[in-house]
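> Before I ask anything, let me first share the structure, which is written out below as C-alpha cells.
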Amino acid sequence: MLKPPSGPIGAYGYMIKANKEIYLDVNATTPVLPQAAHAAFDAMEDLFGNPSSVHTSGLRARYLLESTRDLARSVLGAGEGEIVFTSGATEAIQMAILSTLCDFRKRKQQCDIAGKACKLLYGATEHKAVPKALEHWNEVLDAGCEILEIPVDSRGALDLEFLKEHAPHAAMVCTMAVNNETGVIHDLRAIENVLRSVNEHCKWLVDSVQAVGKMKLDLATTTIDYASASGHKIYAPKGIGLLYVRKGASVVPLMAGGGQEHGARGGTENLPGVAAIAAVLKMLDISPNAEFASHDSLENFRDRIVQSLTEAFPTIVFNTPFETSVATTINFAVRGFSSKELLDLFDAAGIRVSSGSACGSGAVASYVLDAMGIEKWRSEGAIRMSFGPMNTEKEIEMACDRIRQVGRALCDSCLMVSNDPVTQTGGRVDGLVQLKKGSMCTWLLMDSESSQCVIIDPFEELSERVETLVRCQGSRVIAILDSHNHVDHESCRSMQLKVLGQYIQPRANSGDLLGWPHEPDGSVTLANGESAECINLFNGLVLAAVKLPGHTVISNAYLVGKPVDGKLDAANILFAFCGDTVLMGGIGRTDFESSSVEGMFDSLHRLSNIISSDATVICPTHDYNNEFATTLGCEVKTNEFLASILDPVVPMRREDFVAAKPGVDQGIQDESNSELVCGLIKDPDAVSTGTSVDIPPDGLKEFFASHNDSLIIDVREPHEFSFAGDWHKMGLDQPPRNIPLTRLTGCLPELIAISKSGRQIVFLCRSGRRSGRAASVARRVGLSNIWHIAGGIAIGSSRQEPEYADPGYVI
C-alpha cells in the first residue's frame, strides 16, 4: 500500500504559531483610525442634526460639514476648488465623467475638430472604475466618443507621445497619481505639459486615491479639473469619499435631491463619515505628525520587508520600480508559484496580502502588469504587499520575521530550494503526488525509505516543481513515462532527464518512445489473462504497462498494484494511469490523425477487464473541472455513452461505436484556456460535497469533541498546515491528519477502505472551500459517511479564502 503523507501533524513534525494578524493590504482598505472611529461615534451620538436644518443642532452639524470641507481643501491644496463629499472614490469618478460628458454634449461642435470623433483617454493601468465608467456613461448619454487606452512602458509610465497624438481631439483624459497595484507615481507635471500644449479645454480627471497622505498634492497649482479620494484608503471608514472640482469646471449631480452639497449631490450628508474623515485630515494637515510614520520611516520599512522577502524567496522578482514608486507598495512574484499558492500561505501565516486590486474577482493575471509588458508568470503570480503610515516598527519587524518563516515552510515542504541547501531539511514525501497547471496533471510515485521516484506524464510547465521536489527529497528517478504520444506538444521527457541529471537512474535513460524501459524487472498476469511487463517499485508494489491505443495509437496504461503469486488481480490494482482514455466526465477524443477509433473501443473493454470498477483509482493526464481523479464505476454511472459501451448485458457493438464516436467528438471545443481539449467533458451540473455542517463560531469545540472517533482530515497544503493553531482549544485530542488536496488521490484507496468500515471521515480547511472539494471527490468515487465543515475552521473571523479553482503548480 502506498504510504500517506508522513506524520500526524504534517510532514515536518512541528507547527508554527501565527497568532497576531499582520495586515499588509492597506491599498485595499485600511483599519479605522481610533480617533476617526470616536469622531464618527460622537457625530452619531451628539451631532445627529441635519446640516440643512436652521436650528442649533443643524447649525452644529453644518459647521462640522463645512469645516471638514475646508480641511480637505488644505490637505489637497485645493485653493478655491470645490470639495464634494461622496460615498467613495467610485462615485466621485462617476460624477466627474458624467459632468464632463454632459458638458461635452452642450458644446459638441467645439470639440469635434476637423471632423474627427471626440476621444476619451485613460491610462492602461487605471483602476477599472475609470474605463468602466467611461464606457457606461458614453453609452448611456449616447455621446459617441471613441475610448482609447494610453499605453504605459515597462515601468508603468504613460506614453506621452501617444497622449500628444490623441489629446487634441479629447474631451477627457483620465490618469492616476499613484497606481494601486504597483505604487508607481505618475509624473503629473509632465502629463500636464503635454496635455495642455495641445488641448487647453480637455477635462482632466486624476485618481488620487492612493496619493492622499503619501505625497504632496497642490491641486490648485495644476490644471487638474477633477480628483477623487476615498476615506477607507486613509484610515477613515468605508462609505465616505470626496471629489475635488477645479473652479469653473462643471458639476452635474449624479443623484438629484434636496440641493445638498451646494447642489452637487442630493441626499442628506453622511455626517458620521464626514466626522471620521475630518479626524484623519486633521492629522494629515499637521507635519510632522507623531501618529503617522514619516516618509523616511516608510522607506526604511519597505527596505526591511524587501530584504526579508529576498531572503525568504530566492527566485523572487519585484514588479514595483522602487525609484519611481511610493514607499508603501511592494509588488512581486516568485518564480514557480501561483498567486493563489502564495496568498493561501501568507494568510495561513497570519499575513494579509492581496494578488492585486482587491476590487477584482479572484486571483488572476494582473491587467496592470500585463499593460506594462511584464512576463506572464509574473503577472499571474503577482502579490501586492502594502502598508501605511500607521504601521509601527514592531509590526514591521514581526512581518519580516513571519515572512522568513513562510520561506522556511516552503523549503521544508520541498517546494523551494533554500539559499543555504545545507540547512534545508525537507519533510518526507511518500505516496502519490499530483502536480497541476491548468488541466495538465503530472504524477509522481515517491518513497522516502527507498528514495525511489517514478514520474508519469511530465509537462514542461511543471518541470521546475518536479525538479525541486526530486532534488529536495534526494530521490532516485527510476522511470519517466508518458502515457501516450501527445498531439499538441512534444514530450518534455528528454528535457526532464537532462535537467534531473544525477538523480536519474541508468535504466530511466533507456526506454521506448514513451519511456518504458527496454529491460523491465519481469511480468505479471492480469485479470483477463494478459501478461504485462512490470518494474518493481517499493513495499511490494509493481508498475505494469498495458498498451491502450485509441486517443493516440501509441498509448499505455500504467497500473500500480501488489501482485500475489505473479498475478495482479483487479482488486489489487490501486491506481491506473491511463492518459486521456478515461477522463472525469468523458472519454478521450479520437479525431486526430494519430488516433484509432477501433483502438479506443478495444481499450475501454480491456481496461474494464483488468482494473476494479470501484477500487482502482484512475489518474488521468488532464483534469478539466478540478475533480482530481475518478473510478471506472463512477464514470459508468455518470456517462451514458460509456455505460452503453461497457453494458454487461447488451454492450454496444464495435461497428456502432465506430459510427457514433465521430459525432461525439464534434461536440468538443478546440481550445479551453489555451489548451487543447483531449476529450468531451461534461461540466458537472452540481458539485456534491458530501454532508456539510455549518457551525457557529463557538460550536467548533463541541463538534470536534463529538467526532473524536472520526477520521479528521485537514486538506490544506503542508506548508499552510505547519502554521495551524492549537487544536486542543478546538476540542481535538490530537491534531488532524494532514492530507493535502494534491495528495488526496494517493490516499483514496485507503479512505475507501476506511469508509467501508463505517467510520466517519470529516474534511476541514480554513474556509470550507477546499474541504468541500475533497468531500466531493470522495463522494464521486463511492465513499460514504463523509462530512466537511462548510464554514471552515476560520468561521467567525474576517479571513476569507479565494474560490478554489486551479491549485496551480502545487504539491
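> Distance in nm between label sites at E139 and C102, each 7 Å beyond Cα in the beta-carbon direction?
2.1 nm
> Another question about this same structure. In the stretch 507-604, what GluC sites (Glu not before Pro) fall in a loop by DSSP, with at most 10 other Cβ atoms inside 10 Å?
Sparse-neighbourhood loop GluC sites (Glu not before Pro): E593.
> How large is the translational diffusion coefficient of the stretch 511-593 in µm² per second when you combine the Kirkwood radius over alpha carbon pairs with Stokes-Einstein at 20 °C and 1.002 mPa s?
159 µm²/s
> In terms of solvent-accessible area of protein heavy atoms at a 1.4 angstrom probe, what is the ranking of S74, S494, S644, S99, highest value first?
From most exposed to least exposed: S494, S74, S644, S99.
> May I ask you to list the lysines whose Cα is less than 19 Å away from that of K216, ignoring any residue fewer than eight positions away on the same chain?
K233, K282
> Relative contact order (percent) for the stretch 230-286, with alpha-carbon contacts under 8 angstrom and 6 or more residues of separation?
Here the relative contact order equals 32 percent.
> Can you list the HN-Hα couplings for the stretch 314-321, worked out from phi with the Karplus curve (6.51, -1.76, 1.60; θ = phi - 60°), rounded to whole Hz and with x for Gly and Pro?
x, 9, 5, 10, 8, 8, 8, x
> Taking the Cα centre of the chain as the origin and placing charges on Cβ (Lys, Arg +1; Asp, Glu -1), which of G79, S197, W787 is farthest toward the positive end of the dipole?
Positive-end residue among those listed: G79.
> Label points 7 Å out from Cα along the Cβ direction at S67 and K132: separation in nm?
If labels sit at S67 and K132, their model points lie 3.7 nm apart.
> Could I ask something else about it? Once fully extended, how much extra length lies between E530 and A660, figured as 0.36 nm per residue of separation less the alpha-carbon to alpha-carbon distance?
43.9 nm
> Among DSSP beta bridges lying fully in the chain, give the percent that are antiparallel, nearest 5.
Antiparallel bridges: around 60 percent, rounded to the nearest 5.
> Subtracting the Cα-Cα distance from 0.36 nm times the residue separation, let me have the gained length for K547 to I286 in nm, one decimal.
Fully extending the segment from K547 to I286 adds 86.2 nm.
> Next question. For K437, what accessible area in Å² do you get when you roll a 1.4 Å probe over the heavy atoms of the protein chains, rounding to the nearest 10?
About 50 Å², ignoring ligands and nucleic acids.
> Right, next: Of D25, D591, which has the most accessible area and how do the rest follow, probe 1.4 Å?
D591, D25
> Any idea how far the Cα center of the stretch 366-404 sits from the one of the stretch 229-267, in Å?
Spelled out, the Cα-based centre of one part sits 31 Å from the other.
> Continuing with the same structure: Once the dipole of the chain is set up with Lys and Arg at +1 and Asp and Glu at -1 on Cβ about the Cα centre, which of M584, N609, V54 lies farthest towards its positive end?
V54
> Can you give the relative contact order of the chain as a percent, counting alpha carbon pairs under 8 Å and 6+ residues apart?
Value for the chain: 12 percent.
> Hey, can you find the accessible area per residue of the chain for me, probe 1.4 Å, expressed in square angstrom?
On a per-residue basis, 39 Å².
> With a cut-off of 8 Å between alpha carbons and a minimum separation of six or more residues, what is the relative contact order of the stretch 692-770 in percent?
39 percent
> Which is farthest toward the positive dipole end of the chain among I305, H136, P237, measuring Cα position about the Cα centre, with Cβ charges +1 (Lys, Arg) and -1 (Asp, Glu)?
Of the listed residues, the answer is P237.
> Right, another one. May I ask you to give the percent of accessible area on the chain that is carbon plus sulfur, with a probe radius of 1.4 Å?
50 percent
> For K567, list the aspartates and glutamates whose Cα falls under 18 Å from its own Cα; do not include residues on the same chain fewer than 8 positions away.
Those aspartates and glutamates meeting the cut-off are D521, E530, E533.
> Specify which labelled value, from (1) 213, 52, 51; (2) 96, 65, 49; (3) 85, 67, 63, agrees with Cα extents along the principal axes in Å derived from the coordinates of the model shown.
(2)
> Just how far, in whole angstrom, is the stretch 268-285 from the stretch 335-355 if you go by their alpha carbon centroids?
34 Å
> Rounded to the nearest 20 Debye, what is the dipole magnitude of the stretch 58-163 about its Cα centre when Lys and Arg each give +1 and Asp and Glu each give -1 at the C-beta?
With Lys and Arg at +1 and Asp and Glu at -1, about 380 debye.
> Set the bar at 24 Å for Cα to Cα. Now go through K20/K214; K132/K203; K203/K238; K128/K340 and name every pair that lies beyond it.
In this structure, K20/K214; K203/K238 lie more than 24 Å apart at Cα.
> Using 0.36 nm per residue, how much length does the chain from H518 to V364 gain when fully extended, once their Cα-Cα distance is taken away?
51.0 nm
> Ignoring ligands, DNA and RNA, how do R69, R408, R606 rank by accessible area with a 1.4 Å probe, largest first?
The ranking, largest first, comes out as R408, R606, R69.
> So how strong a dipole does the chain carry about its Cα centre when Lys and Arg Cβ are +1 and Asp and Glu Cβ are -1, to the nearest 20 debye?
1260 debye
> Measure off 7 Å from each Cα along the Cα-to-Cβ vector at K164 and A190, then give the distance between these two points in nanometres to one decimal.
Computed distance between label sites K164 and A190 equals 1.2 nm.
> Aspartates and glutamates near K701 by alpha-carbon distance under 16 Å, same-chain residues fewer than 8 away left out - which ones?
D709, D714, D726, D733
> Let me spell out the model: positive unit charges on the Cβ of Lys and Arg, negative unit charges on the Cβ of Asp and Glu, origin at the Cα centre of the stretch 291-354. What dipole size does that give, in debye rounded to 20?
Around 220 debye, computed over the stretch 291-354.
> Report the paramagnetic label zone for S154: residues of the stretch 322-355 whose backbone N is under 19 Å from a point 7 Å from Cα along the Cα-to-Cβ axis.
Inside the label zone: 322-325, 331-335.
> Same structure, new question: Heavy atoms of the protein only, probe of 1.4 Å, neighbouring chains included. What is the accessible area of M652 in Å², nearest 10?
Surface open to solvent at M652 totals about 40 Å².
> Got a number for the accessible area of T222? Probe 1.4 Å, square angstrom, nearest 10.
20 Å²
The values are calculated or read from the model by the stated rules, or taken from the named source; none is laboratory data. What you are looking at is a predicted structure, and each value in this text was computed from that prediction instead of being measured. FYI the Cβ positions are ideal-geometry reconstructions off the backbone, even for glycines, and counts take in every protein chain you see. Quick note on the areas: whole protein, heavy atoms, side chains included, nothing else; ligands and nucleic acids left out. Shrake-Rupley method; radii C 1.70, N 1.55, O 1.52, S 1.80 Å.
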